[in-house]
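The values are calculated or read from the model by the stated rules, or taken from the named source; none is laboratory data. Because the structure is a prediction, the values reported are computed rather than measured. Quick reminder, even Gly has a Cβ in these numbers, built from the backbone with ideal geometry, and neighbours come from all protein chains shown.
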Amino acid sequence: MENQILPSIQLTEEHLAVKEAARDFAQNELLPGVIDRDIASKFSKDLVKKMAEMGFMGMMVPTEYGGSGMDTLSYVLAMEEISKVDASAGVIMSVNNSLVCYGLLRYGTEEQKQKYLIPLASGQKLGAFCLSEPEAGSDATSQHTLAEDKGDYYLLNGTKNWITNGNSSDICLVIAQTHPELKHKGINCLIVEKGTEGFEIGKKEDKMGIRASDTHSLMFNDAKVAKNQRIGEDGFGFKFAMKTLNGGRIGIAAQALGIAAGAYELAVKYSKERKTFGRPISDHQAIQFKLAEMHTKIQAARLLVYKAACDKDQGLDYVESAAMAKLYASEVAMWVTTEAVQIHGGYGYVREFHVERMMRDAKITQIYEGTSEIQKLVIAREILK
Ligand code: CAA
């Protein structure tokens, strides 16, 4: 329908206030140590606590469940501002909000919401979403982790890889196979608490980017998980993961948009300050053309990201719009950050000018929560279904 293709995206006073609060928080709290945290690969519990105090950890969760009771557009606006400055903080926030909290809110039982959603949305606890495995990344139906049905509990065995918040989370949503003969229809999602016997934290990944988020492998060795920790009906786990990831992709798209916008703003500023051949480099058409193209692509990405958020808020199907937003915004982030480094020249290649970190951070947005190739597959299936 035409009116679904071009929605009028109206930012209310509340949206603008959220955006401004997130921008101030990013400038005052995240910017000061962002380079050091990247170098040291340091996850900051203090900053996550401060983000929680700002209401950023459960933005789309109603206040009665400990959240901020906001819409997806507010969430996207905050994510963009946070990720402009610190993409690591962006992914910590994104996983907790759109994968863990939203998944529990949408599909959890009342008992699960009371026990887990309230502390997660209010930021007293942190969550992780555990789908990927050493041999199941893009091919996510190929789960090797087993959740054997033992009557009143599941016996969990296997390894999860590249888990964001892996070490620092208190509550993990773990996808595992219960009925291999049923393929993806035999998969379950279990809520597993840190400290469960047989649940161990594996190695920390030494990453190219988003280094201040903590990424670990997780191991389950005969870990017992009660039946009432399962989300949804028996065999709903894969659908749960896919449906939750649709919203997650909007969060990552907003993170990518923020990275691109942050690098672009730095490039504009630098181009007005740096002089070559007797004038600011912004006077040179070679730089002007780059800035014009960066600005245009960022604006196009922003429209796609906001549209996906509005589709979700309006109760429309957002599988395709989320995949398009994630695909385009992440490609733009990679391209814009590379151009921002180029505009900065030699200064762009050193840490203190931020853009080299942004270029490294941008790369993961083309990979996690579904690679660019997977987004194309999702979009093509939507076109052809
Ligand atoms: N929304 C809702 N349902 C979906 C869906 C979507 N986006 N994608 C697939 N499904 C459903 C299908 O409709 C199908 O359901 P039925 O059995 O009822 O028909 C079922 O899931 C299986 O789908 P397919 O038959 O299409 O399975 P496939 O193997 O051909 O393709 C895939 C599946 C789309 C490639 C899927 O494996 C996928 O999305 N892979 C990418 C995985 C991913 O995004 N991982 C991210 C890890 S989490 C992360 O990165 C978090 C972090 O730390 C930052």
Query raised in the report: Here are Ser321, Ser330: which of them is hydroxyl-bearing (Ser, Thr, Tyr), farther than 24 Å from Met208 by Cα and crowded, with 16+ Cβ neighbours inside 10 Å?
Result: Ser321
Report task. From (1) under 28 Å from Leu73 (Cα atoms); (2) touching a residue at least 40 places away in the same chain (Cβ under 8 Å), pick out the condition that doesn't hold for Asp222. Result -> (1)
Query raised in the report: Can you pull out the residues in the range 361-385 that are within 11 Å of the ligand (Cβ to nearest atom) and acidic (Asp, Glu)?
Result: Glu369, Glu373, Glu382
Report summary line: Of the residues in the range 83-98 that are in contact with a Leu (Cβ under 7 Å, 6 or more places away or on another chain) and in a helix (DSSP H, G or I), the one that is farthest from Tyr368 (Cα to Cα) is Val85
Query raised in the report: Taking interchain pairs and intrachain pairs at least six residues apart, which have beta carbon atoms under 8 angstrom, with the first residue in the range 309-328 and away from the ligand (no atom under 12 Å from the Cβ) and the second outside any helix (DSSP H, G or I) and not aliphatic (A, V, I, L, M)?
Result: Ala309/Asp71; Cys310/Pro7; Asp311/Pro7; Asp311/Asp317; Asp311/Tyr318; Lys312/Tyr318; Asp313/Asp71; Gln314/Pro7
Requested in this report: Working only within the range 8-35, note down all residues that are over 13 Å from Leu47 (Cβ atoms) and of a type in the set (A, V, I, L, M, F, W, C).
Outcome: Ile9, Leu11, Leu16, Ala17, Val18, Ala21, Ala22, Ile35
Query raised in the report: Could you say which residue among Ser213, Ser217 is among the polar types (S, T, N, Q), part of a loop (DSSP other than H, G, I, E, B) and either modelled with pLDDT of 95 or more or within 20 Å of Ser168 (Cβ to Cβ) (or both)?
Result: Ser213
Report task. Enumerate the strands (runs of 3 or more DSSP E) found wholly within the range 112-170, keeping only those where 3 or more residues are surrounded by 20 or more Cβ atoms within 10 Å (Cβ to Cβ) and within 13 Å of the ligand (Cβ to nearest atom). Result -> 127-130, 153-164
Query - Tabulated pairs, the range 130-143, first touching a residue at least 60 places away in the same chain (Cβ under 8 Å) and farther than 15 Å from Ser217 by Cα, second among the polar types (S, T, N, Q) and within 10 Å of the ligand (Cβ to nearest atom), C-beta under 8 angstrom, 6+ apart or interchain - result: Ser138/Thr371; Ala140/Ser132
Query raised in the report: Which residue pairs have Cβ atoms closer than 8 Å, lie 6 or more positions apart in sequence or on different chains, and pair a first residue in the range 258-271 that is within 15 Å of Ala22 (Cβ to Cβ) with a second residue that is outside any helix (DSSP H, G or I) and modelled with pLDDT of 95 or more?
Result: Gly262/His354
Report summary line: Conditions (1) surrounded by 21 or more Cβ atoms within 10 Å (Cβ to Cβ); (2) not in a loop (DSSP other than H, G, I, E, B) -> Ala17 fails only (1)
